[in-house]
Amino acid sequence: QVQLVESGGGLVQPGGSLRLSCAASTVRFIWYAMAWYRQAPGKQRELVATITSDYSTNYADSVKGRFTISRDNAKNTVFLQMNSLKPEDTAVYYCNAQRPPALYWGQGTQVTVTS
């Protein structure tokens with residue numbers, strides 16, 4: 001079992017930045033592909049960004065050029081740097097760890113972008 005704990009969410013004005021962190025409780029962190037998802041009120045959870053164990057990344061079109069996913073395998077942590085935030089980025093952001101068939105989710109952290 002892997003526990004994921006997200007942090008770094010909060011309230012920010014449009015155009016601002018936030019950095020989310022997700023700490024994983026596993027010494028085998030490098031085995032897992034990591035991802036960030038988000039879920040806005042009344043909408044389905046959607047994929048934001050992924051990073052594999054060999055640091056290959058992928059992004060949703062809506063965040064390309066604004067968000068950056070990274071990982072620190074020595075600290076068992078994945079990050080999501082979010083710049084140029086927009087009101088439509090408001091959502092609960094969830095961390096995800098995958099090593100099929102295993103799949104783990106964090107509890108989520110709220111990001112609110114408003115003036």
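Here are the numbers for this structure:
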| quantity | calculated |
| --- | --- |
| GNM result for the chain, Cα springs below 10 Å: residue of Arg45, Arg28, Arg19 fluctuating most strongly | Arg28 |
| Heavy-atom surface of segment 1-96, accessible at 1.4 Å and reported per residue (Å²) | 52 Å² |
| Percent RCO, i.e. relative contact order, over the chain, from Cα pairs under 8 Å lying at least 6 residues apart | 37 percent |
| Using a Förster distance of 35 Å, the FRET efficiency for Ser56-Ser115 (Cβ separation, nearest 0.05) | 0.45 |
| Backbone N under 18 Å from the Gln13 label point (7 Å along Cα→Cβ), restricted to segment 81-115 | 83-90, 112-115 |
| Magnitude of the charge dipole, the chain, Cβ model with Lys/Arg +1 and Asp/Glu -1, debye to 20 | 80 debye |
| Spherically averaged projected area in nm², based on the convex hull that wraps the Cα atoms of the chain | 6.7 nm² |
| DSSP beta bridge pairing in the chain, given as percent antiparallel to the nearest 5 | 95 percent |
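The values are calculated or read from the model by the stated rules, or taken from the named source; none is laboratory data. Just so it is clear, the model here is predicted, and its values are computed rather than measured. Reconstructed Cβ throughout: ideal geometry from the backbone, glycine too, with neighbour counts over all protein chains shown. Quick note on the areas: whole protein, heavy atoms, side chains included, nothing else; ligands and nucleic acids left out. Shrake-Rupley method; radii C 1.70, N 1.55, O 1.52, S 1.80 Å.
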